[in-house]
Amino acid sequence: MTAIDDAEPEYDLLDGAIDVHVHTAPDLVERFQSDVALAHAVRDAGMRGAVVKSHVVPTAGRVELANEALGKQVLYGGVALNGSVGGVNPDAAEVALDLGAKVVWLPTAWSHNHASQARAADVEQFVGQRVPDADEDLHVTADGDLTPDTRCVIDLVAEHDAVLGTGHVHPDAIETVVDACADAGAPCLVNHPFFRVLDLSIDQQASLADRGAVMEFCGYAVQSTERHTVERVARAVERLGPRHCLLATDFGQASNPPIEGLAKFAAALVDAGLDRGTVRRLLCETPIDLLGE
């Protein structure tokens with residue numbers, strides 16, 4: 001069985017790549033590097049870019065400081081609609097989009113799906129932020145339909161030619177969101193579908209892909225989810241096709257360097273049977289098409 005940590009990184013696979021899911025400092029927990037350090041690392045690796053994600057603050061404005069320091073646009077930002085920005089808040093989404101956000105993520109740790117699982121496991125904090133009480137959980141659907149605020153957010157994403165990330169919401173809600181994005185013309189990225197708080201089957205992912213969504217396969221989900229493997233990702237890519245899939249890391253934890261991690265993840269997938277051309281498409285063409293870059 002192929003392990004990401006054991007793979008020999010293949011940096012040549014990263015030429016022109018975009019990692020759409022990277023965490024940086026400043027944050028509430030220790031991160032591997034700052035925005036500026038990531039910008040330099042992306043450029044030095046010959047990558048096209050990276051999307052900086054925070055669970056607690058918008059990144060759309062702050063990445064521009066890193067790009068300015070570098071003298072080149074390589075980082076993109078967004079906003080995760082958790083409690084710290086007012087939840088599923090169209091105003092927060094619109095401000096971030098007006099500042100150039102490429103991705104608006106639906107709730108992650110404050111989604112009812114994630115938060116209820118955390119409370120059941122007696123987890124009090126996630127990435128430095130408290131787990132909400134049950135009455136604070138964030139919902140994107142009610143009685144099977146999108147909430148008005150969620151629908152507004154999707155419409156804003158479509159108007160700004162950005163991307164809607166499904167965050168950590170329940171698989172049933174993902175189904176509803178993907179259909180709404182298709183109707184609105186908003187590109188939809190299903191974040192780490194194999195991650196432990198979601199764990200969508202390949203059949204479910206295939207159905208979502210058929211309706212226009214792109215699956216985001218992350219190295220961190222492989223590391224942190226029991227029974228999840230690189231081989232599982234490879235088989236999903238073979239089933240769905242590279243047009244509906246991309247590779248990202250979700251790295252930036254203190255011990256997880258994003259650039260090296262992406263090069264190892266890519267190499268591990270080659271070892272697991274994907275041809276290099278397919279892996280290159282997952283790293284370059286699909287994320288570039290998704291982000292409109």
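If you go through segment 10-19 and keep only what is buried (at least 20 other Cβ atoms within 10 Å of the Cβ) and part of a loop (DSSP other than H, G, I, E, B), you end up with just A17.
Table: residues versus (1) among the aliphatic types (A, V, I, L, M); (2) in contact with a Cys (Cβ under 6 Å, 6 or more places away or on another chain); (3) more than 22 Å from A39 (Cα to Cα).
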| site | (1), (2), (3) |
| --- | --- |
| V56 | yes, no, no |
| H114 | no, no, yes |
| G128 | no, no, yes |
| V157 | yes, no, yes |
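D199 meets the stated requirement of being charged (D, E, K, R) and not in a helix (DSSP H, G or I). Among the residues making up segment 127-165, none is in contact (Cβ under 8 Å) with a residue 60 or more places away in the chain, in a loop (DSSP other than H, G, I, E, B) and over 20 Å from the mean Cα position of the chain (by Cα). Only one of the numbered conditions (1) within 24 Å of E285 (Cβ to Cβ); (2) touching a helix residue (DSSP H, G or I) at 6+ places or on another chain (Cβ under 6 Å) is violated by W105, and that is (2). Residues in segment 175-191 that are touching a residue at least 60 places away in the same chain (Cβ under 8 Å) and part of a strand (DSSP E or B): L189, N191. Consider segment 207-224 and keep the residues that are within 18 Å of the chain's Cα centre (by Cα) and open to solvent by 10 Å² or more (accessible area, probe 1.4 Å). The one that is nearest to L146 (Cα to Cα) is G212. Checked against the criterion of being of a type in the set (V, I, T) and either surrounded by fewer than 19 Cβ atoms within 10 Å (Cβ to Cβ) or farther than 14 Å from D19 by Cβ (or both), the candidates T249, T278 yield just one match: T278.
For D172, the conditions (1) part of a loop (DSSP other than H, G, I, E, B); (2) under 25 Å from V237 (Cβ atoms); (3) open to solvent by 60 Å² or more (accessible area, probe 1.4 Å) are fulfilled apart from (1). Under the condition of being small (G, A, S), over 19 Å from N191 (Cα atoms) and touching a Ser or Thr at 6+ places or on another chain (Cβ under 6 Å), the residues counted in segment 250-293 number 2.
Suppose we filter segment 83-96 for residues that are open to solvent by less than 30 Å² (accessible area, probe 1.4 Å) and either aliphatic (A, V, I, L, M) or closer than 15 Å to L164 by Cβ (or both); how many remain? Total satisfying the criteria: 6.
For the residues V131, V127, the requirement of being in contact with a helix residue (DSSP H, G or I) (Cβ under 7 Å, 6 or more places away or on another chain), open to solvent by 10 Å² or more (accessible area, probe 1.4 Å) and over 25 Å from D161 (Cβ atoms) singles out V131.
The values are calculated or read from the model by the stated rules, or taken from the named source; none is laboratory data. Everything numeric in this text was worked out from a predicted model, so none of it was measured. Every residue, glycine among them, receives a Cβ derived from its backbone with ideal geometry; neighbour counts consider all protein chains shown. Surface areas here come from the heavy atoms of the whole protein model, side chains and all, with no ligands, DNA or RNA. Shrake-Rupley method; radii C 1.70, N 1.55, O 1.52, S 1.80 Å.
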